[in-house]
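Beneath this line is the structure, given in structure tokens, with notes to follow.
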Amino acid sequence: MHKIHELSSILADQIAAGEVVERPASVVKELVENSIDANSTQIDINVEDAGLKSIEIIDDGIGIAHDDVELAFKRHATSKISNPRDLFRVHSLGFRGEALPSIASVSDVLLKTSTGDEGTEIHIRGGKTLEVKPAEARRGTSILVKDIFFNTPARLKYMKTIKTELSKISDIVDRLAIGHPDIAFSLVHNHREILRTSGRNNLQQVIGDIYSAKNLKRIIKIDNQDDDFKIDGYVSLPELTRASRNYVTITLNGRYVRSNAIFKSIIDGYGSKLMVGRYPIAVLNIKLDPTLTDVNVHPTKQTVRISKERQLCDLISNTIYNTIFKKNLIPEVMTRD
Ligand code: ADP
Ligand code: MG
């Protein structure tokens, strides 16, 4: 047995990166979530070769103060929570302070940021800070990530084709845009525009931008609430379906999440109207008191625990059912405790 020693911070960051940075799409997700948390109104995403060559995110958010820039790349360094109680009422998308150090440990990162006065530029490669210098004072942050996984060849080998990696990036940007119709997003791949949203806070329009405006005629609004949950969104009529589950997006307090239980409750709302193997297009935004959720289940924060989940699922199924079948909305929603 060798003597026990603490891992160097670079090695520890690379280990964390294994969970947070699975592929280029995970980098896009983490960086765009940072831009959203920074109150940006516009987020532009430029990728080359599905992010394997480069990923650039430009936002007009609050920026990072000069003295905080190096700290932002330290593990568990965050501006978003500070005491244990905050963990149970997280309002931001990030809070673990892992994304920037993880990404910088497995790639080449150039970040320029400004809070509106002094700007800062930092260059980090493989977790090593190469340069920190003053930069222009345009409020916001731009980050350029190149050579992803250059120092973790096993992970690089695992990457799929450009087409597959790009579809994963496009998918995550779609979901983030759906969750934030008040932000203007653009996604450009190899100089070709893939998505642009207006940021005019019109969810229906964003759904049209993503799933084609001609489908909007067959997508209807849902809206309901009970004592604990407020839900709204859009669902397709039973005649407009897809062969994949991927057209269902669930957000919880603005966070895109995956949940089999909630997915099933949406399907249940269609009664027996969906053919086997067919799924609706649906966007469901759920608002609830953050103390009713635990988002600290997995590093990517896409899995969440929700208390009173059964009650929520019943609310969703009943709302979709009643809306689709044009029944009068029943104010008292049946719940099973
Ligand atoms: P987390 O998002 O969990 O706090 P990150 O490693 O993703 O951790 O980011 C670390 C910190 O860097 C954030 O808490 C935030 O203060 C700052 N930061 C990162 N990206 C941006 C951005 N685009 N605009 C403003 N601040 C940012
Ligand atoms: Mg983050």
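A short reminder: the numbers here are calculations on the coordinates, not readings from a lab. This structure is a prediction, so every number in the text was calculated from the model and none was measured. For neighbour counting, all protein chains shown are included, and Cβ atoms are generated from backbone atoms with ideal geometry for every residue, glycine included.
With N the number of residues in segment 161-220, Rg(Cα) / (2.2 N^0.38 Å) evaluates to 1.14. Calculated on the Cα set of segment 201-337, radius of gyration then Dmax: 14.5, 42 Å. Between GLY97, GLY277, GLY116, the residue with the greatest mean-square fluctuation in the GNM of the chain (Cα pairs under 10 Å linked by springs) is GLY277. The calculated pair-distance distribution of the chain uses every alpha carbon pair, bins of 10 angstrom beginning at 0, and gives 5, 24, 32, 23, 12, 4, 0, 0 percent.
By the scheme Lys and Arg +1, Asp and Glu -1, what is the net charge of all other residues having a beta-carbon under 9 Å from that of SER107?
The answer is 0.
From the phi angles alone, apply the Karplus equation (6.51, -1.76, 1.60; θ = phi - 60°) to segment 256-272 and give each ³J(HN,Hα) in whole Hz, x where the residue is Gly or Pro. Coupling constants for segment 256-272: 6, 10, 10, 8, 5, 5, 6, 4, 5, 5, 5, 4, 4, x, 8, x, 9 Hz.
Beyond 27 Å, what share of the Cα-Cα pairs of segment 9-196 is found? Please give it as a whole percent. Considering segment 9-196, 23 percent of its Cα-Cα pairs are separated by more than 27 Å. For the residue pairs LYS112/LYS157; LYS264/LYS301; LYS74/LYS230; LYS221/LYS273, alpha carbon separations beyond 27 Å are given by LYS112/LYS157; LYS74/LYS230. With contacts taken as Cα pairs under 8 Å at a separation of at least 6 residues, segment 9-196 carries a relative contact order of 28 percent.
In the chain, the calculated helix contribution to ellipticity at 222 nm averages -8500 deg cm²/dmol per residue, counting -39,500 (n - 2.57) for every DSSP H run with n ≥ 4.
Rounded, prolate or oblate: which one fits segment 66-164, using the alpha carbon gyration tensor with axes a ≥ b ≥ c (rounded when a/c is under 1.5, else prolate when a/b beats b/c, else oblate)? Write out the running numbers ahead of the final one.
On the way: a/c = 1.97, a/b = 1.19, b/c = 1.66.
Oblate, since a/c reaches 1.5 and b/c is not below a/b.
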